[in-house]
1. Length gain on complete extension for the stretch D54 to D212, per 0.36 nm per residue less the alpha carbon to alpha carbon distance?
2. Tell me whether region 64-147 comes out rounded, prolate or oblate; compute the Cα gyration tensor, take square roots of the eigenvalues as a ≥ b ≥ c, and use a/c under 1.5 as the rounded threshold.
3. How large is ³J(HN,Hα) for each residue in region 97-103, as worked out from phi by the Karplus curve 6.51 cos²θ - 1.76 cosθ + 1.60 (θ = phi - 60°), to whole Hz, x for Gly and Pro?
4. What's the extension gain from A233 to D155 if we count 0.36 nm per residue and subtract their Cα-Cα distance?
5. Convert each backbone phi in region 153-163 into a coupling constant with the Karplus relation 6.51 cos²θ - 1.76 cosθ + 1.60 (shift: θ = phi - 60°), then list the ³J(HN,Hα) values in order as whole Hz, x for Gly and Pro.
6. Residue by residue through region 212-224, which ³J(HN,Hα) values in whole Hz follow from phi under the Karplus form 6.51 cos²θ - 1.76 cosθ + 1.60 (θ = phi - 60°), with glycine and proline marked x?
7. Ordering E214, E230 by accessible area with a probe of 1.4 Å, largest first, what comes out?
8. Taking amide hydrogens as modeled 1.01 Å from N in the peptide plane, which residues meet the under 5 Å criterion relative to V71, leaving out close sequence neighbours?
Amino acid sequence: MTGAAVVIQARMGSTRLPGKSLARLRTLPVIDWVVRRARLAEGVDDVVVATSTDASDDELADHVAANGWMVARGDPLDVLDRYVTALEQVGHDRIVRVTGDCPFVQPVLIDAALDLLVDGVQYVATGHEGRFPRGFDCEAIARDALLVAHAEATDPVEREHVTPFIARRPERFRSIALPSPTWARRPEFRLTLDEADDLAMLRALANGLDRDPEDIDGPTLMDFLDAHPEIAAINAHVRHNTEH
């Protein structure tokens, strides 16, 4: 089966900001922002939220299912296995990894990453320092590469963070970096959710924009932050966390 799915990894058990997936921005939980924006990508057939089987994630899984969205559950630490479980649900040839703490994920970047996953390319990523704001991150992965990683990875880091097995082996997996459009070359902005100051900033941003998740494009977002430096400053000091 051909096609593409976005898989959003999300948990309620963050050590720095417990329950962040269901924290509210305007009228909606953060996870709703991520799902609804990911669904805008034209090349995406399905969106799946991948969470854990831990009881602390029951509320999140129930919320996702109640909205009619797909959910996959698996080991709290083996996130790579959760991705393969999600892939088995949809059966597509391509998968895009997004984290549930990025409510302003960019559909156009998801599509751009998928467009580059051709002609033997197996991995495309935005994850290069200085190219994008933190929070625009996404990675497109070929099904075969993900399955090889799942079968062979033994390093706990490679199991927990999904793509390091592939990224560390360029001799085996053809990988390219996603070029950054001019409007997105703003690495000074932090649009992800790790701790309380991030939540304060994202709430101020969402309230200031006063639009539904589907109605905010990247250039508009950048222009708003340029016009309101006091909002961007709220979490400018926060160190990035790789926990999801």
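The values are calculated or read from the model by the stated rules, or taken from the named source; none is laboratory data. Keep in mind the model is a prediction, meaning the values are calculated, not measured. We work out accessible area using only protein heavy atoms, side chains counted, and drop any ligands, DNA or RNA first. Shrake-Rupley method; radii C 1.70, N 1.55, O 1.52, S 1.80 Å.
1. Value of the extension gain: 53.8 nm.
2. It comes out oblate by the Cα gyration axes.
3. Here the 3J(HN,Hα) series is 8, 9, 9, x, 9, 10, x Hz.
4. Gain on stretching A233 to D155: 24.4 nm.
5. 5, 10, 5, x, 5, 6, 7, 6, 10, 6, 9
6. Ordered by residue, 3J(HN,Hα) equals 5, x, 6, 10, 10, 8, x, x, 4, 4, 5, 4, 5 Hz.
7. E230, E214
8. So V71 has HN proximity to V49.
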